[in-house]
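Everything below concerns the one structure shown next.
No lab work stands behind these numbers, since they all come straight from the coordinates. Model, not experiment: these values are computed from the prediction. Cβ sites come from the backbone with ideal geometry, for glycine too, and all protein chains shown count toward neighbours.
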Amino acid sequence: MRQYEMYFTNEYLLEIMDDISTIMKIDYDREKLLKSYESENIGNIDNLFVARDANNPEYFICVDCDNKDWIYPLVVRCSEKQQDCVNKCMLQWDNNIREEYGQELTERINNSFGNGNKDTLLKRIELKYDVKI
């Protein structure tokens, strides 16, 4: 299992979700995603969107659409079989957005699953909303 995490600017939400969900073969409810995106309740669980693999629920795409900021955290947990494609997709999006905003490009998106790191985006999201994803 692999877990990749990044931040992205919210204007790419649908495109990123479409790309990653296609790679992972996860069907997601676009209306629920838009509801999370349009929620104006800052810090409310309604801002959290999780799409799970129907056959392997431990694999998922998680986005915190909290409107206190226009930068959203993205957590993707995928299989080792999917890792290269998911990582490549996320790295491409990350660098495209960084380039657009004049930021330094990154060389990789690290796996944060099982590496002993206690401070992951997923853990921050779970603490913020008091949930287990």
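Find the all-direction average of the projected area of the Cα convex hull for the chain, expressing the result in square nanometres with one decimal place. Intermediate values should be presented prior to the final figure.
Details: hull surface 30.9 nm².
Result: 7.7 nm².
Let me spell out the model: positive unit charges on the Cβ of Lys and Arg, negative unit charges on the Cβ of Asp and Glu, origin at the Cα centre of the stretch 1-109. What dipole size does that give, in debye rounded to 20?
Values: 12 positive and 23 negative charges, 82 e Å.
With only Lys, Arg, Asp and Glu charged at Cβ, the dipole is about 400 debye.
Just list whichever of Lys88/Lys118; Lys68/Lys132; Lys25/Lys68 have alpha carbons separated by over 26 Å in the model shown.
Lys25/Lys68
Cross-link partners among aspartates and glutamates for Lys128, C-alpha distance below 12 Å, same-chain residues fewer than 8 apart left out?
Partners within reach: Asp64, Asp66.
What's the center-to-center distance, using Cα atoms, between the stretch 72-91 and the stretch 32-55 in Å?
What the calculation gives is 19 Å, centre to centre.
Toward the positive end of the charge dipole of the chain, about the Cα centre and with charges on Cβ (Lys, Arg +1; Asp, Glu -1), which of Ala51, Ser112, Leu14 goes farthest?
So the residue we want is Ser112.
So which aspartates and glutamates can Lys81 reach, going by Cα to Cα under 15 Å and dropping same-chain residues fewer than 8 places off?
Asp53, Glu58
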